[in-house]
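A short reminder: the numbers here are calculations on the coordinates, not readings from a lab. This one's a predicted model, so the numbers in the text were calculated from it and none came from an experiment. Backbone-built Cβ (ideal geometry, glycine too); neighbour counts: all protein chains shown.
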There are 2 protein chains.
Amino acid sequence: MPIEPERLAKLTMELRRGVLILAALSALQQEHYGYSLRKQLASFGLEIDEGTLYPLLRRLENQGLLTSNWREEEGRRRRFYQISEDGQEALAKMNCEWNNLNKAMSILKENTL
Amino acid sequence: MPIEPERLAKLTMELRRGVLILAALSALQQEHYGYSLRKQLASFGLEIDEGTLYPLLRRLENQGLLTSNWREEEGRRRRFYQISEDGQEALAKMNCEWNNLNKAMSILKENTL
């Protein structure tokens, strides 16, 4: 009997969640508004729906890792996000952890089936 | 003012959490008891304390992704864990997601600062 799709989705989501934070901070070294960030992440293969991205951006801003400001562009008011100084520090740390995890997973794969 | 260490630790932990599930399932393609699994993961650079590993193993077993049995070895009763058929299916899916995330992060790094 195959494993239920919801259970599988939950496991892969757990894997994605941390990476999405890293990806968002990384991409926001350049300024983006929500939709342009989503488009950029999607162009790299990281699809993220609005219901996940916007709460994540709010959370990262509340934690002081992002700053945002409203501005009019192309005749529309948009909220632009960019990484803060604290965010840069967090990003550096997360990049370092990411590299360690990658190394570990490569070694693990060589040593398991 | 530098970002507080607890906040940084929480972010890196979020990144690690999903990877630890993937790593545990992957390593448990071979049978292990708790301590031998911890030692193996640590040898790959994935340090994980008992207070994190044991609840994770219980959770994965409750979800049907692992099986376990008590056995005496070297004069001590030990609980041995191994991946189940459902676990193999979940592992395949998570490996696939992991590869996608890796590709995405590589492209992202090439395209951001």
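Details
- Shape call, the stretch B:1-111: gyration tensor on alpha carbons, a/c limit 1.5: oblate
- Based on C-alpha pairs under 8 angstrom that are at least 6 apart in sequence, chain B has a relative contact order of 24 percent.
- With the label put 7 angstrom out from Cα along the Cα-to-Cβ vector, B:ARG71 ends up 6.3 nm from the copy partners, going from closest to farthest.
- Once the C-beta distance of B:TRP70 and A:ASN111 is scaled by a Förster radius of 22 Å, the resulting FRET efficiency is 0.25 to the nearest 0.05.
- Cut-off under 5 Å, modelled amide H: who pairs with B:HIS32 long-range: B:TYR81
- Between helix B:34-43 and chain B there is an angle of about 40 degrees, using the helix long axis and the longest principal axis of the Cα atoms.
- Inter-site label distance for B:GLU89 and A:GLU6 at 7 Å from Cα along Cβ, in nm: 1.6
- Sequence-ordered 3J(HN,Hα) estimates for the stretch A:97-105 from the Karplus curve with 6.51, -1.76 and 1.60 and θ = phi - 60° stand at 4, 4, 4, 4, 5, 5, 4, 4, 5 Hz, glycine and proline given as x.
- Where chain B is rotated onto chain A, the residue of B whose Cβ comes nearest the axis, and that gap in whole Å, is B:GLY18, 3.
- With a cut-off of 14 Å between beta carbons, the residues surrounding A:LEU53 carry a summed charge of +3, where Lys and Arg count +1 and Asp and Glu -1.
- Taking label points 7 Å from Cα along the Cα-to-Cβ direction, B:ARG17 and B:GLN29 give a separation of 2.7 nm.
- Peptide B:86-94 has a mean of 4 when you count, residue by residue, the C-beta atoms of other protein chains within 10 Å of its C-beta.
- A cut-off under 15 angstrom between Cβ atoms defines the neighbours of A:TRP70, and their net charge, with Lys, Arg +1 and Asp, Glu -1, is +1.
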